[in-house]
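Accompanying notes for the structure given below.
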Amino acid sequence: MKKLIIGNFKMNTKPSEFKTYAMALVTKTKGAKNKVVVCPPFTHLAVAKEILSGSKIEFGAQNISDEEKGALTGEISASMIKDLGTNYVILGHSERRTKFKESDKLINKKIKTALANGLKVVLCLGENLQTRTAKQQYNFVRKQLDDNLKGIYENELESVVIAYEPVWAIGTGKTPTSKDIEKMIETIRKEISYLYSEKAGKNVSVVYGGSVNLNNYKKILSNDHVDGVLIGGACLDVDGFAVICRENY
């Protein structure tokens with residue numbers, strides 16, 4: 001079964017280092033059946049276009065502005081990254097929500113901007129430890145879905161990947177049980193069905209993120225409910241990331 005493998009570099013590596021990485025990844029993933037997407041920092045996107053164009057590896061950005069242009073010093077628009085050949089953008093990551101105080105309303109606007117520019121969106125959702133301890137994680141994620149997808153049409157969901165990333169698991173080495181992951185993915189699909197249609201709920205891509213690494217990726221990806229993984233720190237090791245990309249299910 002073909003899976004979606006996404007690497008989020010966060011604020012790591014220099015453009016020169018990424019060039020070496022990308023060249024190695026192309027070689028090490030030849031023949032891989034999974035769909036592979038790498039999301040390096042903005043400064044690396046021109047390098048990604050140079051090295052990855054013509055390969056099976058796609059690339060994306062980690063964020064965009066909610067505006068198309070204007071007096072917004074330091075911001076990057078959807079059309080700018082699209083012009084570089086970018087196909088994906090990660091939106092709603094917990095680090096953007098917490099550290100940069102991005103609201104659901106802002107994320108919703110960014111999603112609309114991305115889709116209008118022909119980008120595929122990796123929408124991150126997930127609860128923190130306090131919410132999980134209070135056993136409110138399912139209600140929390142349902143509300144995130146409702147707010148983040150407000151005004152998004154059903155046909156646009158073909159360009160949206162839902163990434164369930166429990167905030168309490170990111171960078172901790174901890175992951176939910178397979179049963180917990182299945183239950184959350186089932187909750188996400190049911191909510192999409194409620195918002196749109198049963199067909200939409202069934203067809204939407206749902207991946208898991210949160211401390212995915214070489215020690216646990218097989219268990220996570222072998223779960224039929226999981227369409228792929230969003231990998232953070234573990235993707236920085238090109239050899240290990242390539243192993244995950246080449247895995248067949």
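Just so you know, all these numbers are worked out from the coordinates, no wet-lab data involved. All values derive from a computational prediction rather than experimental measurement. Every residue, glycine among them, receives a Cβ derived from its backbone with ideal geometry; neighbour counts consider all protein chains shown.
When the residues of region 91-140 are narrowed to those that are assigned to a loop (DSSP other than H, G, I, E, B) and among the small types (Gly, Ala, Ser), which ends up nearest to Ser159 (Cα to Cα)?
From region 91-140, those assigned to a loop (DSSP other than H, G, I, E, B) are 92-93, 99-103, 117-119, 126-128, 134-136; that's our starting set.
After this cut, where a residue has to be among the small types (Gly, Ala, Ser) as well, the list is 92, 103, 118, 126, 134.
Working: Gly92: 15, Ser103: 21, Gly118: 8, Gly126: 20, Ala134: 33 Å.
Per the stated criteria, the residue is Gly118.
If you take the residues in region 195-218 that are touching a residue at least 40 places away in the same chain (Cβ under 8 Å) and of a type in the set (Phe, Trp, Tyr), which one is surrounded by the fewest Cβ atoms within 10 Å (Cβ to Cβ)?
Once the filter is applied, the top-ranked residue is Tyr196.
Looking only at region 22-58, which residues are free of Cβ contacts under 8 Å to residues at least 12 places away in the same chain and either buried (at least 21 other Cβ atoms within 10 Å of the Cβ) or on the phi < 0 side of the Ramachandran plot (or both)?
Kept after step one, since they are free of Cβ contacts under 8 Å to residues at least 12 places away in the same chain, are these residues of region 22-58: 27, 30, 54.
If the condition is that a residue be free of Cβ contacts under 8 Å to residues at least 12 places away in the same chain and either buried (at least 21 other Cβ atoms within 10 Å of the Cβ) or on the phi < 0 side of the Ramachandran plot (or both), then Thr27, Lys30 are the ones that fit.
Just to be sure I understand the filter: pairs with C-beta atoms under 9 Å, separated by 6 or more residues or on different chains, first member in region 121-148 and within 22 Å of Asn8 (Cβ to Cβ), second member in a loop (DSSP other than H, G, I, E, B) and among the hydrophobic types (A, V, I, L, M, F, W, C). Which pairs pass?
Listed pairs, sorted by first residue: Leu123/Leu149; Gly126/Ile170.
Take the residues of region 148-175 that are surrounded by 15 or more Cβ atoms within 10 Å (Cβ to Cβ) and among the aromatic types (Phe, Trp, Tyr): which is farthest from the chain's Cα centre (by Cα)?
Trp168
What is the residue count in region 27-46 for residues that are under 21 Å from Gly240 (Cβ atoms), out of contact with any Gly (no Cβ under 9 Å at 6 or more places or on another chain) and of a type outside the set (Ser, Thr, Tyr)?
Total satisfying the criteria: 7.
Among the residues of region 176-194, write down those that are over 18 Å from Cys124 (Cα atoms) and surrounded by 14 or more Cβ atoms within 10 Å (Cβ to Cβ).
Of the residues in region 176-194, the ones over 18 Å from Cys124 (Cα atoms) are 177-179, 193-194.
Result: Ser178, Ser193, Tyr194.
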